1. Would you check which residues across segment 1-17 are modelled with pLDDT under 95 and buried (at least 16 other Cβ atoms within 10 Å of the Cβ) and list them?
2. From the list 100, 62, which one is under 27 Å from residue 206 (Cβ atoms) and either in contact with a helix residue (DSSP H, G or I) (Cβ under 7 Å, 6 or more places away or on another chain) or open to solvent by less than 60 Å² (accessible area, probe 1.4 Å) (or both)?
3. Go through segment 276-287 and give me each residue that's touching a residue at least 12 places away in the same chain (Cβ under 8 Å), open to solvent by 40 Å² or more (accessible area, probe 1.4 Å) and in contact with a helix residue (DSSP H, G or I) (Cβ under 9 Å, 6 or more places away or on another chain).
4. So, of the residues in segment 188-209 that are open to solvent by 40 Å² or more (accessible area, probe 1.4 Å) and under 14 Å from residue 32 (Cα atoms), which turns out to be farthest from the ligand (Cβ to nearest atom)?
5. I'm checking my understanding of the structure. Among residues of segment 69-97 that are under 23 Å from residue 201 (Cα atoms) and part of a helix (DSSP H, G or I), which one is most open to solvent (accessible area, probe 1.4 Å)?
6. Are any of the residues in segment 169-183 free of Cβ contacts under 8 Å to residues at least 12 places away in the same chain and either of a type in the set (Phe, Trp, Tyr) or open to solvent by 30 Å² or more (accessible area, probe 1.4 Å) (or both)?
7. If you go through segment 228-254 one residue at a time, how many are of a type outside the set (Gly, Ala, Ser) and either near the ligand (Cβ under 10 Å from one of its atoms) or under 15 Å from residue 197 (Cβ atoms) (or both)?
8. Before we move on, is residue 111 open to solvent by less than 60 Å² (accessible area, probe 1.4 Å), in a loop (DSSP other than H, G, I, E, B) and free of Cβ contacts under 8 Å to residues at least 60 places away in the same chain?
Amino acid sequence: MQADCPAYVYGAPSPALVTVAAGAIQLSPLTPGSMALEDLPPGAAAEMAIAAPAGAVERRYVLALALRALRPGAQLQALAPKDRGGQRLRRELEALGCVVTEEGRKHQRICATQRPETLTDLEACLAEGAPRLVPALGLWSQPGIFSWDRLDPGSELLTSNLPALAGRGADLGCGNGLLSRAVLASAAVTHLDLIDLDRRALQAARRNVVDARAGFHWIDARQAADLSGMDFVVSNPPFHETGVEDKAVGQAFIRAGHAMLRPGGALWIVANRHLPYEAVLTELFKRARLVVETARYKVYEAVR
Ligand SMILES: C[S@@+](CC[C@H](N)C(=O)[O-])C[C@H]1O[C@@H](n2cnc3c(N)ncnc32)[C@H](O)[C@@H]1O
């Protein structure tokens, strides 16, 4: 590896399956503070290892960006679980002009290639994965962001049941800013902190929420200890961690929301009906009430 031509890693590929160079620079949009793959100058990178995302459009975009960033002859390793895009990795790299070796281990497909002199289909992959205005939503979005091109029914249920909020608040896991826009429709809101782990979501939210009362934070909501004394918190919490359902993430969001609120402040959340949030709500809050329930979702208000 040359000092002026560094190695990179995207996400957390298993070190048991691929070799990640010591000191490799992180590029994942889900790692706050990391560099953006989009910003790497073409042909400058010496090597890269990628834990490829599950979404097909997002994955082709990442592979195309990686190949654009690598110098000809540089090594690219990419892997994905068989049932989360791994079966298609080889063909996707070949479509970009690569000669690929592939092996399967531990339910993953692991592909290795050298960046060819000439890439094919690059611009199409970059265009299909790029940020864009989604006319059906009237919002900026990008493949890879939560519910990127359609209105999530849970978010819709929460927005349609929110009262006119007032004072200072936060949107935990703000995504492209859909809920925040509904919150800021109330003139009594003085400030809203939009928080998300996904850099792409926050970039979209910055375009969708053009409001002097909004602040944007690329951080893990579970580690937002600096934010406190809020009058309200809204959230459609995630319930997956690295692609696997994990109810503890939503419960941790509820704890983080509780920690941010002043006594008497209110948490408004929506959840899929099967998720067990009631115990943590009643344990932490002075009172919690089910506001509305549908066949798939439930909305709670909990007052600290
Ligand atoms: C269910 S989506 C809701 C998005 C948006 N609020 C909406 O209603 O359309 C959950 C959001 O939480 C974000 N997220 C996941 N884990 C997070 C974490 N640890 N800290 C902050 N945001 C997180 C995801 O990137 C995603 O945008």
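The values are calculated or read from the model by the stated rules, or taken from the named source; none is laboratory data. Everything numeric in this text was worked out from a predicted model, so none of it was measured. All Cβ positions, glycine included, derive from the backbone under ideal geometry; neighbour counts span all protein chains shown. Areas reflect the complete protein model, heavy atoms only, side chains present, ligands, DNA and RNA absent. Shrake-Rupley method; radii C 1.70, N 1.55, O 1.52, S 1.80 Å.
1. 6
2. Going through 100, 62 in turn, the sole match is 62.
3. Passing the criteria: 276, 284.
4. Among those that are open to solvent by 40 Å² or more (accessible area, probe 1.4 Å) and under 14 Å from residue 32 (Cα atoms), it is 203.
5. Within segment 69-97, the match that is most open to solvent (accessible area, probe 1.4 Å) is 84.
6. The answer is no; no qualifying residue exists.
7. Residues flagged as of a type outside the set (Gly, Ala, Ser) and either near the ligand (Cβ under 10 Å from one of its atoms) or under 15 Å from residue 197 (Cβ atoms) (or both) within segment 228-254 amount to 11.
8. No.
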